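Data first, discussion second: the structure below is written as structure tokens.
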Amino acid sequence: MASDKRINIDEPRWDQSTYWGRAKHFFVTTNPLNLLCTSEELDKSKDVVTRYRRGETLTDLSEDDLWRAKSIYDSAFHPDTGEKMVLIGRMSAQVPMNMTITGCMLTFYKSTQAVVFWQWFNQSFNAVVNYSNRSGDSPISVSQLATSYVLATGGALGTALGLNSLVKKAPPLIGRLVPFVAVAAANCVNIPMMRMKELREGILITGADGTRFGSSTEAARSGIFQVVLSRVAMAVPSMGIRASFYTTVQSITTASICFAA
């Protein structure tokens, strides 16, 4: 790659002012195929990114090769600390892990043991993701992480078990929506607890050129509130709409069997 064509790899490859530019960026960031990269491939991508950031000219790499190395690096290494994240804590693990957990929560929602296990598993997975992707400027202490984990797990279990006992005689769709409500309740506890330091001390405010202006608790509250809403909204298609789909398919299947009989 010629030195007069240097690329700013610390900015997204695609225009983030457009929907498709943002979509392409996140498709690459969460690409599950990056989970299959070997340790050698991960270390090579880190070496490429590190050398390029130092200003070295990598004549043996094309532009696509450079971006490929950057996407692999971003999928496995923490952006602030540079440490390699555990496998299930990486952004590339989000799709397969969440699909599996969501499917199991919606399928095994009647048994108390299954509800306890999958709600616990989901919150344990969330704790790993939160720790792996913690902020370098506002690190999460072990005690804060443990408190958040216990409260979120307790909130999810209490909500799920309590609602399950109340909706035993309700239509099947209501029962299938219990995991969604439990996850929403856990997010309302987990996210503010994980970001308690920002709520108390504020988050860093910077200009477009990276100039630091100071910290703002108001920005922290606004940002965290938006994160909670987005987390709940993100669960609607996979847990709310899918629950309705499962229930409809089940009723059609049952009706077909009864008709055939």
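Here are the numbers for this structure:
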read-out: Histogram of C-alpha separations across the chain, 10 Å bin width, %; value: 6, 23, 30, 23, 12, 5, 1, 0
read-out: Nearest-0.05 FRET efficiency for T100 and D10, computed from C-beta distance (R0 51 Å); value: 0.95
read-out: Spin-label model distance (nm) - T59 vs S17, 7 Å beyond Cα toward Cβ; value: 3.7
read-out: Accessible carbon and sulfur surface of the chain relative to its total accessible area, %, 1.4 Å; value: 62
read-out: Prolate/oblate/rounded label for the range 125-186 (Cα gyration tensor, a/c 1.5); value: prolate
read-out: Area of T57 that stays accessible when all protein chains are in place (1.4 Å probe, Å², to 10); value: 70
read-out: Nearest-10 value in Å² for the accessible area of E198, using the 1.4 Å probe; value: 20
read-out: Label-point gap, in nm, between T50 and E218 - each point 7 angstrom along Cα→Cβ; value: 4.3
read-out: Highest-MSF residue in the chain out of V95, V116, V183 [GNM, Cα springs under 10 Å]; value: V95
read-out: Highest-MSF residue in the chain out of K84, K169, K197 [GNM, Cα springs under 10 Å]; value: K169
read-out: Using alpha-carbon coordinates, inclination of helix 94-107 to the longest axis of the chain, degrees; value: 0
read-out: Top of D43, D80, D60 by mean-square fluctuation, Gaussian network on the chain, Cα under 10 Å; value: D60
read-out: Rounded accessible area per residue of the range 1-111, 1.4 Å, Å²; value: 60
read-out: Cα-based Lys proximity count in the chain, under 27 Å, for pairs eight or more positions apart or on separate chains; value: 16
read-out: Inter-label distance for V150 and V227, nm, one decimal - labels placed 7 Å from Cα along Cα-to-Cβ; value: 2.2
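The values are calculated or read from the model by the stated rules, or taken from the named source; none is laboratory data. Just so it is clear, the model here is predicted, and its values are computed rather than measured. Don't worry about glycine lacking a Cβ; one is built from the backbone with ideal geometry, like all the others, and counts go over all protein chains shown. Remember, those area values only see protein heavy atoms, side chains included, never the ligands or the DNA or RNA. Shrake-Rupley method; radii C 1.70, N 1.55, O 1.52, S 1.80 Å.
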